[in-house]
Structures are given as structure tokens and as C-alpha cells.
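Notes for the one structure printed next.
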Amino acid sequence: MHYTPETVKEFADIDASIASIEARKIEIENLAKERRLQQFTASNGCDYCRGRGWVVTWDTMDILDGSAADYSDCPEKGCSAETRKASGLHPSNNRYDYNRRTRWNMSEDMTESERDEYHTSAARLVSLGYARQSIYDRAAVRKGKLVEVMRKSRTRNSAQVGVVGKVFWHGVSDYGTVKVGLMDTEGQKHWTTEASVTVISQTAPKSYEQKYEDQYPLLCKITRKTNKAICVFTLGKSNPLGGEWIPWSQILNADQVQEQISGTLLKDGKPATVMIPPWLAKKKGYLRE
Ligand SMILES: [Zn+2]
């Protein structure tokens, strides 16, 4: 859809907040790692075993998580339980550390305030994610919302800029374009692409509801349906051979009709009242001029 400058700014602000929290998380991680590395180096930590006290002597290439490896004690002279206690772990973890439970835990090398900030930032990121989603939901074109045409789509007979209407149809065309059908207060229908409209209200006011006078109730039996149209036989009238096709886009109570015929066998025809615009009723000969 066409985002308003306000919505674009809201997205930009949220994304900037997310980016700054992410950057600060990485900064804290690096501070902890740097602190650990300095202490490890200053107390002559053993680089051979990274302060773990064991080394891998054999591993199969078949099991990639390292769970089949063989280990032995660190052979480095001067590497003992005491020196390792003094140096602590080198701030690097590999797959063997996962198996041997000798992982360096970065939060132990954070200051208390860094640790608080680091862990609360996870919650802040989650809530920013929700906020971002709600901006998206608010701006998303959905049935029943009030939208305004902001630019003329290149498709033929597309709605003019400035047309405001209630979305009564929203879906993908045969060419993969997301299209929108909107109806103004006069009951006029307009068609355009989703990319051409902006949501101006989450629910269209009552004035955008189809008035009963603008609808012709067609009493009929529905005998076939496709994604585009239904085939009807009108009651008490002569019908063209094979029935009459009415496109879904012209059916004013499409939701209701869909519901009525969903999952039913249409072989003998399902009786229904299909609301259509008077001009169509005239064109099809149901209603005389
Ligand atoms: Zn060692």
C-alpha cells in the first residue's frame, strides 16, 4: 500500500530504536569479551587449552557437533587447576565447550548495569517488534477500512486520485497485482491497486454502507460457482440456457452468499437472495427501466 509520510516516519523511528538497541547489545558483548580477554592475558592464561584444562585428541568428521570426540588433560607445562582458576576461561566458545559444559558465559563479565541493560533490551526489542507490527496492521488495506486513492494506477479504468471509499474487495488479480475495490457514499464502485491507496480510517462510517434502495434482491437458485462468478437460475422466470453468470465483484452481499453456499452441493441449485446493483439487474432483464 501507499504509506503516508507519517507512517513512513513511524517505521523509521522504530527501526532506528531497534538498530540502536542492537548496536548497544553488541557493544556490551564486546566490552565483556574485552574485559575477559584482558584478565585472561594479564594472568597468563593457557592459550593451548583456552583455560579449559582439556584438549581434543581425536574427533570423527562424521559427527559435526563434536559429541564423539576424545579428550585428554592439557599437556602444557605450567597449566594447572590453580593457574586456570587464576586466569579463568578465554572468551571463546567452540562446539566442544557445549559438550563439556565449559562455555564462557559473557554475562559473568558484564557489570551489573550492563547485565541489566543487556537483558532488558531483549524485552524492549520484542515490544518494538509488536509496535512495528501494529503500525503495519493499521496501514494494511483490509475489507471494511476507509481508504483514499493517492495516485492513479496504470490499469485501465482505475480510480481517480482523491476518491475515498470503503474497501469491499481486496485480493490478487490474475496478473499477481493486489487489487482493491472501494465503494464511495454514492454506492459507486472504484477499482485500483493496493499500492495506490492509503488507509485513512480503520472502519468506514455508516454513510459508506450500501443502501437497500441501491440493491436489487435477486431471488434465485445458485447452481455453479467459480472464483470469479456464480451461475444462477431465477425463480419464476424463464432463464437463458445454462443459467446466468453473475460476477462476485458485483454481488453486494458476497460474504453472505459465500457463506450460504460454502460446502454445499450445487447440483440442484441452492436457493439464495443475491443482492446486485440495479444497473446490472436492468442489464440482465430482471428489472425493467
Ligand atoms: Zn592448558
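The values are calculated or read from the model by the stated rules, or taken from the named source; none is laboratory data. Bear in mind the structure is a predicted one, so any value in this text is a computation, not a measurement. When we count neighbours, we look across all protein chains shown, and the Cβ atoms used for this are built from the backbone with ideal geometry, even at glycine.
Some values worked out for this structure:
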{"read-out": "Test: residue in region 106-128 that is surrounded by 13 or more Cβ atoms within 10 Å (Cβ to Cβ), of a type outside the set (Asp, Glu), part of a loop (DSSP other than H, G, I, E, B) and within 16 Å of the ligand (Cβ to nearest atom)", "value": "no"}
{"read-out": "Test: residue in region 139-156 that is of a type outside the set (D, E, K, R), under 24 Å from Leu280 (Cα atoms) and surrounded by 14 or more Cβ atoms within 10 Å (Cβ to Cβ)", "value": "yes"}
{"read-out": "Failed condition for Cys220, given (1) modelled with pLDDT of 95 or more; (2) buried (at least 19 other Cβ atoms within 10 Å of the Cβ)", "value": "(1)"}
{"read-out": "Out of Tyr175, Tyr208, sole residue that is aromatic (Phe, Trp, Tyr) and farther than 29 Å from Thr273 by Cα", "value": "Tyr175"}
{"read-out": "Tyr136 vs. criteria under 30 Å from Tyr71 (Cα atoms), aromatic (Phe, Trp, Tyr) and in a helix (DSSP H, G or I)", "value": "no"}
{"read-out": "Residues (under 29 Å from Ser201 (Cα atoms) and in contact (Cβ under 8 Å) with a residue 40 or more places away in the chain) located in region 107-128", "value": "Arg124, Leu125, Leu128"}
